[in-house]
Amino acid sequence: MDASNSSSSSLYNIPHLAEDGGNWITYKERVFTAIGACNLWRYVDGRATLPAPLALDPSSNAPLMPGPTKTPTTVAEIAAHEDLIDEFYYKDSLAKQQLFSTISDHVLLQVQKLDNSSMIWKEICRIHEGKSDL
C-alpha cells in the first residue's frame, strides 16, 4: 500500500486495546501488521527521523543545507527540504491516528502530548507489557 495515498478510510480496523491490557498480545500483533501494511512501521519504531532544519548563515541569514559542508541552498532545495519535513509529519500523524483510534481515552490522555508516534508506542508498550492474560 502506498502510504502517501493513505487516508483515514484506508487505515485498518484494529479492535480496541482493552483498558486492563487483557488483549495486549493480540492487539500488539494486529498493530504491527496494520501499521506495517501502511508502510509506516519505521515511524512507530523510531527509525524515521525528522529531517534537520536548515541552518542560517550568521552573516547573511541565508539558509544553508544541513550537514558538515553547510552549502548555500537554492529555492528548489529549500522546497524539497520542506517537502521532506511535511512528509515526515504526515506519515507520523497517520501512524499516531492509527494508534489513537485503538486506545482508550484514559491511555490517550497519558500519551497525547508525546512528540511522535515512536514515543507514543513506547509509552503504550510500557503501560501494557505484562498485563495480558493470553
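Here, each number is a calculation from the coordinates, and none is a lab measurement. The shown structure was predicted, so the numbers you read here are calculated from the model rather than taken from an experiment. Don't worry about glycine lacking a Cβ; one is built from the backbone with ideal geometry, like all the others, and counts go over all protein chains shown.
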- prompt: How about the range 50-103: which of its residues are touching a Pro at 6+ places or on another chain (Cβ under 8 Å) and of a type in the set (Phe, Trp, Tyr)?
  reply: 88
message: Can you confirm whether residue 94 is within 18 Å of residue 119 (Cα to Cα) and not in a loop (DSSP other than H, G, I, E, B)?
response: yes
query: Name the residues in the range 37-81 that are among the hydrophobic types (A, V, I, L, M, F, W, C), farther than 21 Å from residue 123 by Cα and surrounded by 14 or more Cβ atoms within 10 Å (Cβ to Cβ), would you?
result: 37, 38, 54, 55, 64, 65
statement: The one condition residue 54 fails out of (1) farther than 28 Å from residue 15 by Cα; (2) within 17 Å of the chain's Cα centre (by Cα); (3) of a type outside the set (Lys, Arg) is (2)
- request: Give the range 27-67 a look and list any residue that's touching a helix residue (DSSP H, G or I) at 6+ places or on another chain (Cβ under 8 Å), more than 19 Å from residue 89 (Cβ to Cβ) and small (Gly, Ala, Ser), or say none.
  value: 34
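Looking at the range 58-75, can you tell me whether even one residue there is under 28 Å from residue 15 (Cβ atoms), aliphatic (A, V, I, L, M) and part of a loop (DSSP other than H, G, I, E, B)? Can you show your working first?
Initially, the range 58-75 is screened for residues under 28 Å from residue 15 (Cβ atoms), giving none.
Within the range 58-75, not a single residue is under 28 Å from residue 15 (Cβ atoms), aliphatic (A, V, I, L, M) and part of a loop (DSSP other than H, G, I, E, B).
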query: Which residue pairs have Cβ atoms closer than 7 Å, lie 6 or more positions apart in sequence or on different chains, and pair a first residue in the range 96-113 that is over 21 Å from residue 26 (Cβ atoms) with a second residue that is of a type in the set (D, E, K, R)?
result: 110/123
statement: Pairing a residue in the range 47-73 that is small (Gly, Ala, Ser) with any residue that is part of a loop (DSSP other than H, G, I, E, B), where Cβ atoms lie under 6 Å and the two sit 6 or more apart in sequence or on different chains, gives 52/66; 55/70
task: Report, by residue number, each residue of the range 109-125 that is of a type in the set (A, V, I, L, M, F, W, C) and either surrounded by 15 or more Cβ atoms within 10 Å (Cβ to Cβ) or within 13 Å of the chain's Cα centre (by Cα) (or both).
output: 111, 114, 119, 120, 121, 124
